[in-house]
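Notes follow the structure.
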Amino acid sequence: MENIKATRRDFLKTTGLTSFGLALGISSFAKDAVVKKINPAIIKLEINPFIIIDTAGNITIVNPRPDMGQGSTQAVPSLLAEELEISLEQVKIVQSDGKDKYGNQTSGGSSSVRSLWEPIRKAGAAAREMLTESAAKRWNVPVIECYAKDGTIVHKPTGRSLSYGELADDASKLEIPKNPKLKDPKDFKIIGKYNKRLDVPERVNGKAVYGIDVDVPGMVYASILHSPSLHGKVVSIDDAEAKKIKGVLKVVKTERTMPHRTSEAVAVIATNWWAALKGKKALKVNWDNADYEKTLSTEKYFAEAHAAATKEGINFEEKGDFSAKYNSAGKKLEASYETPFLAHAPIEPENAVVHVKEDGTVEIWAPIQGPDWALRDVCAYLKVAPEKVKINVTLLGGAFGRKAYHDFLLEACHLSRELKKPVKVIWTREDDITQGPYRPGMVSHMQGFVENGAIAGYHHHAIGESILGQVFKGLKSDEADPWLSEEISTNNNKYNFATASKVSWTNVKTDIPIVWWRSVYASNFGWGQECFIDELAHLAGKDPMKARMELVKDDRFKKVLETLAEKSAWGEKLAEGQGKGIAVFKSFDSISATCITVTKKDQGVTIDKVISVIDCGYYVNPDNVKAQTEGNIVMGLTAAIKDGITFTNGVCDQSNYHQYNIMRLNETPKMEIYIVDSGANPGGVGEPGLPPIAPALGNAIFAATGKRMRKLPLDINNLA
Amino acid sequence: MAIFNLTVNNKKVKVDVEPDMPLLWVVRDFVDLKGTKFGCGMTLCGACTIHLDGQPTRSCQTPVSSVGKNTKITTIEGIGNGKLHAIQQAWIEEQVPQCGYCQSGQIMSAVALLKSNPSPSDQDIDSAMSGNLCRCGTYDRIRKAIHRAADTIKVSEKGIGKN
């Protein structure tokens, strides 16, 4: 991965929008127009990189964002189809291959619709204008008399029409319009409307092809024994038993390449994956674990983090002299909140098929979140030019950030290069859970005070390992990590503390590999922020909803909170033993708030109901916004009440779903989702629903039991 | 290696594999039916659920040698007999899948549930479906889709308009 020294937002701008501008830059449309003869009768025309129309009338839209379940296969092509005046039923959608002309192609940061909102619509509008002009020329009529409708250009006065296929050849010869006119949102036919996802049928009949389903001729299978302590070195390999297993072809020393380290590993190659797995289990490998027994420990990590809590961190922002004001305050509070390391644990484990061919070309089939990144990583690793590499992105059986980390892909590259054959690597669930990368565990040290009955001072000290630092080697030692600090800043949460406020950061390093996990740091720091606001509200003697309404200086936040208050019947009398808690968090340009109701039961609580409200600005499909928010409720609750990842003496303590539990259907509470239509520019949809879940639960538990929970995960059956 | 004669989705197939190979890998890599998924290998997640004589079974821990040649093996590809099963139709109507990877297993469990219990309560659904994990978190829609499918099957059995 690249060495990036920029904020995440800048990063998206530079690798995303700028290069996107180049690919789609209006003047480059014409240069990019490609004419391919697929047979003598049919000419395939690429009007711009995202639209291919052939003279037989087939229309293909290229989706530049891999679909891991978040619905990008529908969302992004819908933006284009809306402007092109065509329905998705009329087109074929294919996935982009990582090449530069498609710009940023990474599904992550809930960025697909919000970053492509304008450029992809412009691509569609430009094509529509070129097709319209071609028809007008053909008929020798003014352009203004022609309009696009359902894949045809219609001449209004006469009613005659020509299909896009009939016009594609002419259109591809035209200049690209400099400023194609985008549709008025009130004329949208697809965007903002309920439409069934056209990829759902293949996801219910067994026909959908995920990475793990790819077979190529001549392929061999690999199962890889990774270092139990993540970074150990292979001292010796006894493969006698492994080689006796029928189907096992070879045992190869290999490597796992992570951004911050490369670790040694041993691969068993076989004619089928079951044989490879049996071979792996029969291997006897001696590892030199160096000092990792001592250094790889989550207990040690959190001890360091808590020790840092009361020391000064690096300031990201400060208003007033917080420390002085805090020291002299009469009514004040101080508390530390903790969130664990978490595995992504998508049900489809990491896998890839790679063929490093004898002619120097490389072909890849893999469930990856970012083919553009993968292309850069593969080219750097194998030392090949991008034009020699063909990436086929398959469907992803879940990812949540995990499949933007290419260790498993580079393993397959290494093995295919060594074996000179196509190789399919499949990780076991144990590989997935014991090896990471993980969401980093984090500590929030909170301080606050109350003046004249109002919350007047607030300090969030964020402590832990940095993704920018470990994965991108881009964190300066004297700067507050900008990716996470911005998320917890008062600029983001819109809380206005009258007297003083501060956001600070301390980096605690670890060798445990980390990466983005659904909603990233918001999933960690929402817990500290929103539970502590609740604590301060109680200190001020205020209702938690009212306290937030008073603090927050933003109309969209207020509207979301008002909607939540209404839908949750906030303030109405509760049954005996019941409690309600709320939380609100803005992430990826969307505001999400949640109310959870719990009932006291023995030493714990049961979760009765979850209500979430989201303002994500313009959206493509309201049903998908709801689906993603439902998913965030389940994943957020799992993070709050199921297992964390821990390392003891250098080894992960969890290995499979019996120790790293995922919420099950019988544990899933009733849920309701409401969308606030703000008409703002699109925000994210895939992640923003998650951050308020855990704190809403923590606050509900406090309301029902009087117990203030500060460390996740919670055992809700037995609250300490 | 040994030869096994199997009946998969009403078709006779012959495979030459190790006797301890789980049915999951036999079906996926030797019968080339990829709809059945690998998730955990320990019967914890249910992604590999198939039917043996109509009974939902975790294929990741079912050795091929334990399956008789007359045992009817049904996978997601065979559940609808060439059409969409009412459960699959309900899954589309409710837009259940997100990534969809676990849904083959979910659907196999749901089909078996409705066969034994045409009018399941929420509690019945809880106990029949809690062995199937979904990391995307589609459980609420799974519940709704099972109720919808149950209603659809009842209506079609009664015949619309007969009441």
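Each reported figure results from applying straightforward, stated rules to the coordinates on display, with no laboratory input. The shown structure was predicted, so the numbers you read here are calculated from the model rather than taken from an experiment. Note: ideal-geometry Cβ built from the backbone for every residue, glycine included; neighbour counts use all protein chains shown.
Computed over the alpha-carbon pairs of region A:571-720, the distance histogram in 10 Å steps reads 12, 38, 31, 16, 3, 0 percent, short to long. For region A:592-720, the tally of Lys pairs with Cα-Cα distances below 16 Å comes to 8, considering only residues 8 or more apart or on different chains. If you plug the beta carbon distance of A:Gln578 and B:Lys83 into 1/(1 + (r/R0)^6) with R0 = 35 Å, you get a FRET efficiency near 0.15. Under 5 Å from the amide H of A:Leu225 lie the amide H atoms of A:Val266, A:Ala267, A:Val268, each residue being 5 or more positions distant or on a separate chain, with H modelled from the backbone and absent for Pro and chain starts. Only Cα pairs under 8 Å and 6+ residues apart enter the sum, and on that basis the relative contact order of region A:462-594 stands at 26 percent. Here each label is just a point 7 Å from Cα along the line to Cβ, and for A:Glu312 and A:Lys390 those points are 6.0 nm apart. Here is how the number arises for the protein assembly as shown: DSSP H runs of 4 or more residues each give -39500 (n - 2.57), the sum is divided by the residue count, and the result at 222 nm is -9500 deg cm²/dmol. Rounded to the nearest whole Hz, the Karplus-based 3J(HN,Hα) values (6.51 cos²θ - 1.76 cosθ + 1.60, θ = phi - 60°) of region A:583-593 follow the sequence 7, 9, 8, 9, 8, 6, 6, 10, 10, 10, 10, with x at glycine and proline.
Taking the alpha carbon gyration tensor of chain B, multiplying each eigenvalue by 5 and rooting it gives semi-axes of 29, 18, 13 Å, largest first.
To the nearest 0.05, what FRET efficiency results for B:Asp16 and A:Arg417 with a Förster distance of 30 Å applied to their C-beta separation? So, using R0 = 30 Å, E works out to roughly 0.45.
With an a/c value of 1.5 or above and a/b larger than b/c for the gyration tensor axes a ≥ b ≥ c computed over the alpha-carbon atoms, region A:297-378 is described as prolate.
Mean separation of Cα pairs under 8 Å and 6 or more residues apart, divided by the residue count, gives region A:145-199 a relative contact order of 16 percent. Taking 7 Å steps out from each Cα toward its Cβ at A:Asn681 and A:Thr158 produces label points 4.4 nm apart. Each part reduced to its alpha carbon centroid, region A:652-720 and region A:185-223 end up 28 Å apart. Relative contact order for chain A: 15 percent, from Cα pairs under 8 Å spaced at least 6 residues apart, divided by residue count. For A:Lys244 and B:Ser127, a Förster radius of 56 Å and the Cβ-Cβ distance give a FRET efficiency of 0.80, rounded to the nearest 0.05. Quick one: Debye curve from the alpha-carbon atoms of region A:334-408 only, equal weights, vacuum; give me log10 I(q)/I(0) at q = 0.17 Å⁻¹ to two decimals. Debye output, listed in q order: -0.66. Hull volume per residue, based on the alpha-carbon atoms of region A:171-320 and their convex hull, is 369 Å³. For A:Phe316, the residues 5 or more places off, or on other chains, whose built amide H falls under 5 Å of its own are A:Val503, A:Ser504, A:Trp505.
Near A:Phe341, the amide H atoms lying under 5 Å from its own belong to A:Gly441, A:Ile645; only residues 5 or more places off or on other chains count, and H is placed 1.01 Å from N.
Each eigenvalue of the Cα gyration tensor of region B:70-112, multiplied by 5 and square-rooted, gives one semi-axis; in descending order these are 19, 12, 8 Å. With the simple spin-label model, which puts each label point 7 Å out from Cα in the Cβ direction, the B:Lys144 to A:Ser328 separation comes to 5.6 nm. Within chain A, the proportion of C-alpha pairs whose separation exceeds 45 Å stands at 27%. The phi-based Karplus calculation (6.51 cos²θ - 1.76 cosθ + 1.60; θ = phi - 60°) puts the 3J(HN,Hα) values of region A:45-52 at 10, 9, 5, 8, x, 9, 10, 10 Hz, whole numbers, x for Gly and Pro.
Taking other Cβ atoms within 10 Å as a rough exposure proxy, B:Met1, A:Met258 sort from fewest to most as B:Met1, A:Met258.
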